[in-house]
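Student: Structure incoming, see below.
The values are calculated or read from the model by the stated rules, or taken from the named source; none is laboratory data. What you see is a predicted model, and the numbers here were worked out from it, not measured in a lab. Cβ placement follows ideal geometry from the backbone for every residue including glycine, while neighbour counts extend to all protein chains displayed. Each accessible area value is taken on the protein alone, full model and side chains, heavy atoms only, with ligands, DNA and RNA left out. Shrake-Rupley method; radii C 1.70, N 1.55, O 1.52, S 1.80 Å.
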Amino acid sequence: MLALGVDIGGSGMKGNVVNTATGEILSKRLRIPTPRPGTIPEVAEVLAEIVGHFRTEWGDPSLPVGCGFPGVVKAGIVGSATHLDKMWLGADVVTAFSEAVGSTVTVLNDADAAGLAEIAFGSAQGHRGSVLMITLGTGIGSGMFREGRLVPNFELGMLELDGHHPIEDRVAYRIYKQSSLSWKKWARRLNRYLDHIGSLFAPDLIVIGGGAVNKWSKFSRHLDVPVALKPARFGNHAGLLGAGLAAVKPELVGDAYPV
Ligand code: BGC
(Lines give C-alpha, C1' and ligand atoms only; values in the text may rest on other atoms or scores of the structure.)
Protein backbone atom coordinates (compact mmCIF):
# COMPACT_ATOMS: atom_id res chain seq x y z
CA MET A 1 0.00 0.00 0.00
CA LEU A 2 1.24 3.47 -0.86
CA ALA A 3 1.46 6.34 1.60
CA LEU A 4 2.95 9.80 1.72
CA GLY A 5 5.62 10.27 4.36
CA VAL A 6 6.57 13.78 5.45
CA ASP A 7 9.45 14.72 7.73
CA ILE A 8 9.52 18.12 9.41
CA GLY A 9 13.18 18.90 9.92
CA GLY A 10 14.97 21.89 11.38
CA SER A 11 15.81 23.27 7.93
CA GLY A 12 13.51 21.50 5.49
CA MET A 13 10.14 19.76 5.26
CA LYS A 14 10.56 16.72 3.03
CA GLY A 15 7.90 14.51 1.48
CA ASN A 16 7.92 11.37 -0.61
CA VAL A 17 5.59 8.55 -1.58
CA VAL A 18 6.60 5.21 -0.12
CA ASN A 19 5.56 1.61 -0.57
CA THR A 20 4.71 0.50 2.95
CA ALA A 21 4.89 -3.21 2.06
CA THR A 22 8.41 -3.15 0.64
CA GLY A 23 10.03 -0.03 2.11
CA GLU A 24 10.64 1.39 -1.36
CA ILE A 25 10.81 5.16 -1.62
CA LEU A 26 9.00 5.83 -4.86
CA SER A 27 8.73 9.32 -6.17
CA LYS A 28 11.03 12.30 -6.38
CA ARG A 29 11.43 13.95 -3.01
CA LEU A 30 9.90 17.37 -2.51
CA ARG A 31 11.70 19.62 -0.03
CA ILE A 32 10.42 23.00 1.12
CA PRO A 33 12.36 25.08 3.68
CA THR A 34 10.84 24.81 7.16
CA PRO A 35 9.12 28.16 7.77
CA ARG A 36 10.50 30.47 10.45
CA PRO A 37 9.60 30.86 13.23
CA GLY A 38 7.47 27.83 12.38
CA THR A 39 4.04 28.72 13.74
CA ILE A 40 1.17 26.21 13.47
CA PRO A 41 -0.47 27.88 10.41
CA GLU A 42 2.91 28.26 8.66
CA VAL A 43 3.91 24.63 9.10
CA ALA A 44 0.41 23.35 8.31
CA GLU A 45 0.39 25.37 5.09
CA VAL A 46 3.67 23.86 3.88
CA LEU A 47 2.40 20.40 4.79
CA ALA A 48 -0.77 21.03 2.75
CA GLU A 49 1.38 22.13 -0.20
CA ILE A 50 3.48 18.94 -0.04
CA VAL A 51 0.39 16.74 0.28
CA GLY A 52 -1.36 18.57 -2.60
CA HIS A 53 1.70 18.10 -4.81
CA PHE A 54 1.88 14.32 -4.31
CA ARG A 55 -1.88 13.70 -4.38
CA THR A 56 -2.01 15.45 -7.75
CA GLU A 57 1.10 13.67 -9.05
CA TRP A 58 -0.31 10.26 -8.11
CA GLY A 59 -3.90 11.14 -9.02
CA ASP A 60 -4.94 9.87 -5.59
CA PRO A 61 -6.81 12.39 -3.44
CA SER A 62 -6.98 9.92 -0.56
CA LEU A 63 -3.26 9.02 -0.33
CA PRO A 64 -2.72 8.36 3.42
CA VAL A 65 -0.36 10.82 5.09
CA GLY A 66 2.04 10.31 7.98
CA CYS A 67 4.22 13.04 9.42
CA GLY A 68 7.35 13.00 11.57
CA PHE A 69 7.37 15.92 14.01
CA PRO A 70 10.52 17.32 15.68
CA GLY A 71 9.26 17.04 19.24
CA VAL A 72 7.27 14.96 21.70
CA VAL A 73 3.80 13.95 20.42
CA LYS A 74 1.53 12.12 22.83
CA ALA A 75 -1.99 11.12 21.77
CA GLY A 76 -1.83 13.87 19.14
CA ILE A 77 -0.75 16.63 21.54
CA VAL A 78 2.64 18.31 21.27
CA GLY A 79 4.74 18.05 24.43
CA SER A 80 7.86 19.82 23.13
CA ALA A 81 9.07 21.44 19.92
CA THR A 82 12.41 23.09 20.66
CA HIS A 83 13.14 24.15 17.10
CA LEU A 84 9.68 25.46 16.17
CA ASP A 85 7.50 28.31 17.46
CA LYS A 86 6.47 28.11 21.14
CA MET A 87 2.79 28.14 20.19
CA TRP A 88 3.13 24.40 19.44
CA LEU A 89 3.35 23.50 23.13
CA GLY A 90 0.15 21.74 24.12
CA ALA A 91 -1.29 22.11 20.60
CA ASP A 92 -3.33 19.39 18.93
CA VAL A 93 -1.05 18.70 15.98
CA VAL A 94 -3.20 15.90 14.57
CA THR A 95 -6.24 18.16 14.29
CA ALA A 96 -4.20 21.08 12.89
CA PHE A 97 -2.59 18.92 10.19
CA SER A 98 -5.71 16.91 9.40
CA GLU A 99 -7.75 20.09 8.87
CA ALA A 100 -5.02 21.57 6.65
CA VAL A 101 -4.81 18.44 4.52
CA GLY A 102 -8.47 17.38 4.46
CA SER A 103 -7.94 13.86 5.87
CA THR A 104 -6.58 12.30 9.05
CA VAL A 105 -2.80 12.69 9.35
CA THR A 106 -0.84 10.33 11.60
CA VAL A 107 1.77 12.31 13.53
CA LEU A 108 4.67 10.92 15.52
CA ASN A 109 8.09 12.00 16.73
CA ASP A 110 10.57 12.22 13.83
CA ALA A 111 13.22 9.95 15.37
CA ASP A 112 10.55 7.41 16.33
CA ALA A 113 9.50 7.45 12.66
CA ALA A 114 13.09 6.92 11.47
CA GLY A 115 13.45 3.99 13.85
CA LEU A 116 10.23 2.37 12.60
CA ALA A 117 11.65 2.40 9.06
CA GLU A 118 15.03 0.99 10.11
CA ILE A 119 13.37 -1.78 12.17
CA ALA A 120 10.95 -2.70 9.38
CA PHE A 121 13.27 -2.57 6.38
CA GLY A 122 16.66 -1.17 7.30
CA SER A 123 19.75 -1.58 9.45
CA ALA A 124 17.81 -3.01 12.40
CA GLN A 125 15.47 -5.20 10.36
CA GLY A 126 14.06 -8.00 12.47
CA HIS A 127 16.22 -7.06 15.47
CA ARG A 128 14.59 -8.46 18.61
CA GLY A 129 16.75 -6.82 21.27
CA SER A 130 16.92 -3.19 22.43
CA VAL A 131 17.56 -0.89 19.50
CA LEU A 132 18.16 2.80 19.87
CA MET A 133 17.71 5.05 16.85
CA ILE A 134 19.70 8.26 17.18
CA THR A 135 19.24 11.05 14.63
CA LEU A 136 21.86 13.76 14.36
CA GLY A 137 20.56 16.88 12.66
CA THR A 138 19.40 20.26 13.92
CA GLY A 139 18.79 18.50 17.23
CA ILE A 140 19.35 14.98 18.52
CA GLY A 141 16.37 12.69 18.16
CA SER A 142 16.03 9.26 19.70
CA GLY A 143 13.71 6.30 19.31
CA MET A 144 13.81 3.26 21.59
CA PHE A 145 12.66 -0.17 20.39
CA ARG A 146 12.33 -3.39 22.29
CA GLU A 147 11.40 -6.65 20.55
CA GLY A 148 10.72 -4.50 17.49
CA ARG A 149 8.17 -2.38 19.34
CA LEU A 150 8.50 1.33 19.80
CA VAL A 151 8.65 2.92 23.24
CA PRO A 152 7.58 6.39 22.05
CA ASN A 153 9.03 9.78 22.90
CA PHE A 154 12.45 8.96 24.30
CA GLU A 155 14.20 12.35 24.40
CA LEU A 156 17.86 11.53 24.80
CA GLY A 157 18.98 14.78 23.20
CA MET A 158 17.61 16.53 26.27
CA LEU A 159 20.03 14.84 28.68
CA GLU A 160 22.55 16.78 30.74
CA LEU A 161 26.10 15.49 30.27
CA ASP A 162 29.38 16.89 31.65
CA GLY A 163 27.58 20.12 32.55
CA HIS A 164 26.03 20.57 29.10
CA HIS A 165 22.26 20.80 28.99
CA PRO A 166 20.64 19.94 26.70
CA ILE A 167 23.43 17.83 25.28
CA GLU A 168 22.00 18.24 21.74
CA ASP A 169 23.33 21.82 21.82
CA ARG A 170 26.85 20.37 21.98
CA VAL A 171 26.63 17.19 19.91
CA ALA A 172 23.93 17.66 17.21
CA TYR A 173 25.15 17.74 13.60
CA ARG A 174 24.09 21.43 13.51
CA ILE A 175 26.92 22.14 15.96
CA TYR A 176 29.48 20.55 13.65
CA LYS A 177 28.13 22.57 10.72
CA GLN A 178 28.00 25.88 12.59
CA SER A 179 31.40 25.61 14.27
CA SER A 180 34.92 25.10 13.02
CA LEU A 181 35.22 21.75 14.81
CA SER A 182 37.12 19.07 12.88
CA TRP A 183 35.37 15.75 12.22
CA LYS A 184 37.63 14.21 14.81
CA LYS A 185 36.77 16.74 17.51
CA TRP A 186 33.06 16.58 16.85
CA ALA A 187 33.23 12.77 16.75
CA ARG A 188 34.95 12.82 20.13
CA ARG A 189 31.92 14.65 21.57
CA LEU A 190 29.61 12.19 19.85
CA ASN A 191 31.63 9.28 21.18
CA ARG A 192 31.32 10.53 24.76
CA TYR A 193 27.56 10.91 24.26
CA LEU A 194 27.07 7.46 22.71
CA ASP A 195 29.18 5.89 25.41
CA HIS A 196 27.01 7.57 28.05
CA ILE A 197 23.67 6.55 26.61
CA GLY A 198 25.12 3.08 26.05
CA SER A 199 25.88 2.81 29.75
CA LEU A 200 22.47 4.18 30.77
CA PHE A 201 20.26 2.07 28.50
CA ALA A 202 22.44 -0.87 27.42
CA PRO A 203 21.04 -1.06 23.89
CA ASP A 204 22.11 -4.03 21.75
CA LEU A 205 22.34 -1.79 18.70
CA ILE A 206 22.45 1.93 18.02
CA VAL A 207 21.40 3.06 14.53
CA ILE A 208 22.68 6.50 13.55
CA GLY A 209 20.54 8.61 11.22
CA GLY A 210 19.69 12.24 10.49
CA GLY A 211 21.60 14.58 8.20
CA ALA A 212 24.98 13.55 9.65
CA VAL A 213 24.66 10.01 8.33
CA ASN A 214 25.43 11.28 4.81
CA LYS A 215 28.94 11.91 6.16
CA TRP A 216 29.21 8.60 8.05
CA SER A 217 32.61 7.76 6.54
CA LYS A 218 34.04 11.06 7.81
CA PHE A 219 33.30 10.50 11.48
CA SER A 220 32.55 6.82 12.12
CA ARG A 221 36.25 5.87 12.19
CA HIS A 222 36.69 8.11 15.23
CA LEU A 223 33.96 6.30 17.16
CA ASP A 224 34.84 3.58 19.62
CA VAL A 225 32.03 2.51 21.95
CA PRO A 226 31.17 -0.89 23.43
CA VAL A 227 27.82 -1.01 21.60
CA ALA A 228 27.15 -2.13 18.02
CA LEU A 229 26.73 0.93 15.78
CA LYS A 230 25.24 1.03 12.29
CA PRO A 231 24.41 3.87 9.93
CA ALA A 232 20.73 4.11 8.95
CA ARG A 233 20.18 2.19 5.74
CA PHE A 234 17.75 4.85 4.56
CA GLY A 235 20.02 7.68 5.67
CA ASN A 236 18.17 10.91 6.19
CA HIS A 237 15.11 9.46 4.38
CA ALA A 238 14.34 7.02 7.20
CA GLY A 239 12.05 9.55 8.91
CA LEU A 240 9.73 10.01 5.98
CA LEU A 241 9.62 6.29 5.22
CA GLY A 242 8.69 5.57 8.84
CA ALA A 243 6.07 8.33 8.78
CA GLY A 244 4.50 6.76 5.70
CA LEU A 245 4.54 3.39 7.41
CA ALA A 246 2.84 4.84 10.50
CA ALA A 247 0.13 6.33 8.27
CA VAL A 248 -1.07 2.88 7.22
CA LYS A 249 -0.21 1.10 10.48
CA PRO A 250 -0.91 3.62 13.27
CA GLU A 251 -0.68 0.77 15.80
CA LEU A 252 3.12 0.80 15.27
CA VAL A 253 3.29 4.17 16.99
CA GLY A 254 2.25 2.64 20.33
CA ASP A 255 0.54 5.86 21.27
CA ALA A 256 -3.02 4.68 21.64
CA TYR A 257 -3.14 4.99 25.43
CA PRO A 258 -5.00 7.78 27.18
CA VAL A 259 -2.69 10.34 28.79
C1 BGC B 1 13.58 17.20 19.92
C2 BGC B 1 13.27 15.77 19.55
C3 BGC B 1 13.49 15.55 18.07
C4 BGC B 1 14.89 15.98 17.69
C5 BGC B 1 15.16 15.83 16.21
C6 BGC B 1 14.98 17.57 19.44
O7 BGC B 1 15.22 18.93 19.68
O8 BGC B 1 13.51 17.39 21.32
O9 BGC B 1 11.95 15.45 19.90
O10 BGC B 1 13.29 14.20 17.77
O11 BGC B 1 15.11 17.34 18.04
O12 BGC B 1 14.32 16.63 15.44
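Student: Count charges around residue 147 for me, please; just the other residues with Cβ under 12 Å from its Cβ, Lys/Arg as +1, Asp/Glu as -1. Intermediate results must be reported in sequence, preceding the final value.
Tutor: Numbers: positive: 128, 146, 149; negative: 204.
The answer is +2.
Student: Reachable lysines from residue 185, Cα under 19 Å, same-chain residues fewer than 8 places away excluded?
Tutor: Counting by Cα, and skipping residues close in sequence, residue 185 has these lysines nearby: 177, 215, 218.
Student: Pairs of alpha-carbon atoms within less than 8 angstrom and 6+ residues apart define the contacts here; what relative contact order does segment 198-259 have, in percent?
Tutor: On the way: 41 pairs, mean separation 22.1, N = 62.
Dividing the mean separation by the residue count of segment 198-259 yields 36 percent.
Student: Mean separation of Cα pairs under 8 Å and 6+ residues apart, divided by the residue count of the chain: what relative contact order is that in percent? Let's see the in-between values first.
Tutor: On the way: 593 pairs, mean separation 60.4, N = 259.
Relative contact order comes out at 23 percent.
Student: In percent, how large is the relative contact order of segment 93-216, given Cα pairs closer than 8 Å and 6 or more residues apart? Kindly include the intermediate steps, with their values, before the conclusion.
Tutor: Numbers: 184 pairs, mean separation 31.4, N = 124.
The value is 25 percent.
Student: Provide the per residue accessible area, probe 1.4 Å, for segment 162-247, rounded to a whole number of square angstrom. It would help to have the intermediate numbers written out before the result.
Tutor: Working: 3980 Å² over 86 residues.
Averaged over the residues of segment 162-247, the accessible area is 46 Å².
Student: Which angle from 0 to 90°, rounded to the nearest 10, does the C-alpha axis of helix 40-58 make with the longest principal axis of the chain?
Tutor: Roughly 70 degrees, rounded to the nearest 10.
Student: Scanning the chain for GluC sites (Glu not before Pro) in DSSP loops with at most 13 other Cβ atoms within 10 Å, what's the longest stretch left with none? It would help to have the intermediate numbers written out before the result.
Tutor: Details: sites that count: 24, 147, 160.
With GluC sites (Glu not before Pro) excluded where exposed in loops, the chain gives 25-146 as its longest stretch.
Student: Within segment 109-127, what residues put their amide N at less than 20 Å from the label point 7 Å along the Cα-to-Cβ vector of residue 228?
Tutor: Backbone N within reach: 114-127.
Student: Rounded to the nearest 5, what % of the DSSP beta bridges within the chain are antiparallel ones? Let's see the in-between values first.
Tutor: Working: 26 of 44 bridges.
The answer is about 60 percent antiparallel.
Student: Additional query: Measure nothing fancy, just the Cα-based angle from helix 183-201's long axis to the longest principal axis of the chain, in degrees from 0 to 90, nearest 10.
Tutor: Helix 183-201 and the main axis of the chain meet at about 80 degrees.
Student: Continuing with this model, one more query. Taking every DSSP beta bridge that has both residues in segment 15-111, what percent is antiparallel when rounded to the nearest 5? Can you show the working numbers first?
Tutor: Values: 5 of 10 bridges.
Close to 50 percent.
Student: Now for a separate question. If Lys and Arg each add +1 and Asp and Glu each add -1, what is the summed charge of the other residues whose beta carbon sits under 11 Å from the beta carbon of residue 171? Walk me through the numbers on the way to the answer.
Tutor: Numbers: positive: 170, 174, 188, 189, 192; negative: 162, 168, 169.
Net of charged neighbours comes to +2.
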